[in-house]
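What follows is a set of notes on a single structure, which appears directly below.
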Amino acid sequence: MKVINTEKAPGAIGPYSQAYETNGLVFTSGQLPVNPSDGSMPTSIDAQAEQSCKNVIAILEAAGSGADKVVKTTCYLANISDFAAFNAVYAKYFVSKPARSCFAVKDLPKGALCEIEAIAEV
C-alpha cells in the first residue's frame, strides 16, 4: 500500500489520508469543496461541485491516475434538491460515466453542500 498526498488538494481535517493506492487501484477520501491554496469554500452548489471535482482529480493525478480511470464514485449532498445542479458540473469532469452512488446526508463537515470520493485504476 502507498499513501497518496498532494498539496494540490486540501489536507485531511482528521486522522486519515487523502488517498491510498493498492493493487492497481486508488481509493480517495471524500473531498470537500475546499480550495487548497487558501482554505476557502465557495457558497453555491455549482462552485462547490466544481471544487470537489478538482480536488478528487488532483489526488488521482498525484497517484498517476485521472478522471478517465475512475470506476466508482460516491457523492454526498447536503440537500437532494441540488441533485440536478450537482450533476451538471459532475458530468463535465467524469465524462466516462463511472458507476456512482449519490445521496443526501444530514450534514457534511464544514457546512459543505457536497463531497465526492472515488475509486480509480492507476
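Quick notes
- Just one of (1) under 14 Å from ILE119 (Cα atoms); (2) buried (at least 17 other Cβ atoms within 10 Å of the Cβ) fails for GLU50. It is (1).
- Number of the condition not met by GLY14 [criteria: (1) under 22 Å from TYR76 (Cβ atoms); (2) of a type outside the set (A, V, I, L, M); (3) at pLDDT 95 or above; (4) over 12 Å from the mean Cα position of the chain (by Cα)]: (3)
Here is a yes/no grid of residues against (1) aliphatic (A, V, I, L, M); (2) on the phi < 0 side of the Ramachandran plot; (3) without any contact (Cβ under 8 Å) to a residue 60 or more places away in the chain; (4) in contact with a Gly (Cβ under 7 Å, 6 or more places away or on another chain):
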residue	(1), (2), (3), (4)
THR22	no, yes, yes, no
SER52	no, yes, no, no
THR74	no, yes, yes, no
PHE83	no, yes, yes, no
TYR90	no, yes, yes, no
ALA99	yes, yes, yes, no
ALA120	yes, yes, no, no
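- Failed item, numbered, when SER44 is tested on (1) surrounded by fewer than 15 Cβ atoms within 10 Å (Cβ to Cβ); (2) among the small types (Gly, Ala, Ser); (3) farther than 22 Å from SER101 by Cα: (3)
- Residues of region 75-88 classified as touching a strand residue (DSSP E or B) at 6+ places or on another chain (Cβ under 9 Å) and outside any strand (DSSP E or B), total: 8
- Count - residues of region 2-33 that are assigned to a loop (DSSP other than H, G, I, E, B) and in contact with a Lys or Arg (Cβ under 7 Å, 6 or more places away or on another chain): 1
- One residue from LYS54, LYS106, LYS92, LYS72 being part of a loop (DSSP other than H, G, I, E, B), basic (Lys, Arg) and modelled with pLDDT of 95 or more: LYS106
- Residue in region 89-97 that is closer than 18 Å to ILE4 by Cα and either of a type in the set (Gly, Ala, Ser) or buried (at least 21 other Cβ atoms within 10 Å of the Cβ) (or both) present: no
The values are calculated or read from the model by the stated rules, or taken from the named source; none is laboratory data. All figures in this text were calculated on a predicted structure; none of them were measured in a lab. Please note: Cβ atoms are built from the backbone with ideal geometry, for glycine as well, and neighbour counts cover all protein chains shown.
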